Amino acid sequence: MQTEVINIAKDYDRALSESARLIKDGQVVAIPTETVYGLAANALDENAVKKIYIAKGRPSDNPLIVHVSDISELSPLVSEIPLKAKIMAERFWPGPLTMIMKKSGIIPSVTSGGLDTVAVRMPESEYARAIIKACGVPLAAPSANLSGSPSPTNAKYVFDDMNGRIPLIIDGGKSKIGVESTVITFTTDIPTVLRPGGVTVEEIRNTIGEVNVDDAVLHELKNGETAASPGMKYKHYAPRADITILKGSLEQFIEYTSGKDFFALVFEGEEKYFEKAVTYGKPLDAVSEANRLFDALRELDEKGAKTVFARCPELSGVGLAVYNRLIRSAGFNIIEL
Ligand code: TXA
Ligand code: MG
């Protein structure tokens, strides 16, 4: 299959019309969003959704997020909208927030990975919403990487993973946020964050009060434990290199790694201490770290890195999302210095 790339800033009308034509025909199209690029198909068409799993090489029990272009498109997808979910939608949509609710009858089982719930998000990206609107259907879309790889934040990285697997990539430039949306479920008594993202736990607490954070956000699941969010049980965001996170100060990091042959994954300004280094954002600035992390992981692969030691982000605010992705890309290899 030939993979075409259309730059939506330059060729807006054709980007929308080609996306709509292919999606209506049951095909898969990669689209830009403010978090990461998504691999989109008609969420209500079982055969189209199956093509997403094939293009990504994704296990079929890992459910997809359904993307809408307006709040009014939520109610047909779910059996009921809990009050707190309504408050959250009004506060954070459009934006990097995905909400899980009981699904309605129109969501096919493939879209929800066999669960009786569905995840819904309204992206902030104007391009994403214009594409959804042009297609006229809700779009199921996981991140547009091959299963297990870091999520793509630009069209080139989508092309690297998806060339020959899908007919069209819409290039909307670099994703503004750089890590995936916050996923929260309203199917538990107390709403529970299953994946941290651009909307922080602190912001959610300020909006709806009590909220739990699922254990799998910060810890590896033990053998036999079931994941509330199936995506959390898979090895994820992993470059080819072996990554170890070193928790501690920069001085301890330098001392621990001295004499070793490795790539340093460090914060801006720290690279001067190392022979081979890739940076991911500024120290104590989680938003900039989120923005750089997945690109940095792909750059390590491009440079042929085999052994990587990484600096550890803060665990609050957006830093929780950065840490959640980094520990998975490191296969939970963490050393306390
Ligand atoms: O920012 C994002 O969320 C991006 C863009 C494209 O919108 N999408 C994305 O999708 O990250 P994906 O498929 O890579 O991650 C979705 C996560 C997975 O961990 C999946 O297991 C979880 O959400 N999920 C989806 N539906 C669920 C459900 N019904 N119950 C529990 N977890 C669910
Ligand atoms: Mg993903």
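The values are calculated or read from the model by the stated rules, or taken from the named source; none is laboratory data. What you are looking at is a predicted structure, and each value in this text was computed from that prediction instead of being measured. Quick reminder, even Gly has a Cβ in these numbers, built from the backbone with ideal geometry, and neighbours come from all protein chains shown. Areas reflect the complete protein model, heavy atoms only, side chains present, ligands, DNA and RNA absent. Shrake-Rupley method; radii C 1.70, N 1.55, O 1.52, S 1.80 Å.
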- Message: List the residue pairs whose Cβ atoms are under 7 Å apart, where the first residue sits in segment 147-162 and is touching a residue at least 40 places away in the same chain (Cβ under 8 Å) and within 16 Å of ALA330 (Cα to Cα), the second is outside any loop (DSSP other than H, G, I, E, B) and of a type in the set (A, V, I, L, M), and the two are 6 or more positions apart or on different chains.
- Response: PRO150/LEU297
- ILE204: touching a residue at least 60 places away in the same chain (Cβ under 8 Å) and either assigned to a strand (DSSP E or B) or surrounded by fewer than 19 Cβ atoms within 10 Å (Cβ to Cβ) (or both), yes or no? no
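Going by the conditions given, is ILE335 over 19 Å from the mean Cα position of the chain (by Cα), part of a helix (DSSP H, G or I) and more than 23 Å from VAL183 (Cα to Cα)? Give the steps one after another, and end with the answer.
Numbers: over 19 Å from the mean Cα position of the chain (by Cα): yes; part of a helix (DSSP H, G or I): no; more than 23 Å from VAL183 (Cα to Cα): yes.
No: the conditions fail for ILE335.
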- Query: Using beta carbons and a limit of 6 Å, which pairs, at least six apart or on different chains, have the first residue in segment 37-58 and under 20 Å from LYS103 (Cβ atoms) and the second one open to solvent by less than 30 Å² (accessible area, probe 1.4 Å) and part of a helix (DSSP H, G or I)?
  - Reply: ALA41/ALA48; ALA41/VAL49; ALA41/ILE52; ASN42/ILE23; ASN42/ALA48
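Where residues in segment 3-32 are polar (S, T, N, Q) and open to solvent by 10 Å² or more (accessible area, probe 1.4 Å), which of them is nearest to ARG165 (Cα to Cα)? Please lay out each step first, then the result.
Step one: list which residues in segment 3-32 are polar (S, T, N, Q), which gives 3, 7, 17, 19, 27.
Okay, now just the ones that are also open to solvent by 10 Å² or more (accessible area, probe 1.4 Å), so 3, 7, 17, 27.
Working: THR3: 7, ASN7: 19, SER17: 20, GLN27: 11 Å.
Step by step, filter segment 3-32, then rank; the result is THR3.
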- Item | The one condition in (1) over 22 Å from the mean Cα position of the chain (by Cα); (2) surrounded by 22 or more Cβ atoms within 10 Å (Cβ to Cβ) that ALA290 fails to fulfil | (1)
- Where a residue in segment 277-299 is farther than 23 Å from ASP161 by Cα and among the basic types (Lys, Arg) and its partner, wherever it lies, is assigned to a loop (DSSP other than H, G, I, E, B) and modelled with pLDDT of 95 or more, with Cβ under 9 Å and at least six apart: LYS282/PHE267; LYS282/GLU268; LYS282/GLY269
- Search result, residues across segment 209-246 that are open to solvent by 20 Å² or more (accessible area, probe 1.4 Å) and away from ligand 1 (no atom under 16 Å from the Cβ): GLY209, GLU210, LYS222, ASN223, GLY224, ARG240, ASP242, THR244
- Message: Can you say whether THR192 is hydroxyl-bearing (Ser, Thr, Tyr), farther than 24 Å from LYS176 by Cα and at pLDDT 95 or above, as far as the supplied structure shows?
- Response: yes
- Hey, could you check segment 247-282 for residues that are of a type in the set (Gly, Ala, Ser) and over 21 Å from GLY304 (Cβ atoms) and say which is least open to solvent (accessible area, probe 1.4 Å)? GLY281
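Which one of LEU168, LEU83 is away from ligand 2 (no atom under 16 Å from the Cβ) and over 27 Å from ALA15 (Cβ atoms)?
Working: LEU168 fails: over 27 Å from ALA15 (Cβ atoms).
One residue alone meets the criteria, LEU83.
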- Unique residue being within 15 Å of ligand 2 (Cβ to nearest atom), closer than 21 Å to ASP171 by Cα and open to solvent by 40 Å² or more (accessible area, probe 1.4 Å) when the list is LEU146, LEU39: LEU146
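Looking at segment 75-95, is at least one residue under 16 Å from GLU46 (Cα atoms), open to solvent by 40 Å² or more (accessible area, probe 1.4 Å), free of Cβ contacts under 8 Å to residues at least 24 places away in the same chain and assigned to a loop (DSSP other than H, G, I, E, B)? So that I can check it myself, show each step before the final result.
Here is the first cut: in segment 75-95, the ones under 16 Å from GLU46 (Cα atoms) are 77.
Filter again for open to solvent by 40 Å² or more (accessible area, probe 1.4 Å), leaving none.
No, the conditions are met nowhere in segment 75-95.
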- Task: Scan segment 1-55 for residues that are of a type in the set (D, E, K, R) and outside any loop (DSSP other than H, G, I, E, B) and jot them down.
- Result: GLU4, ASP13, ARG14, GLU18, ARG21, LYS24, GLU46, LYS50, LYS51
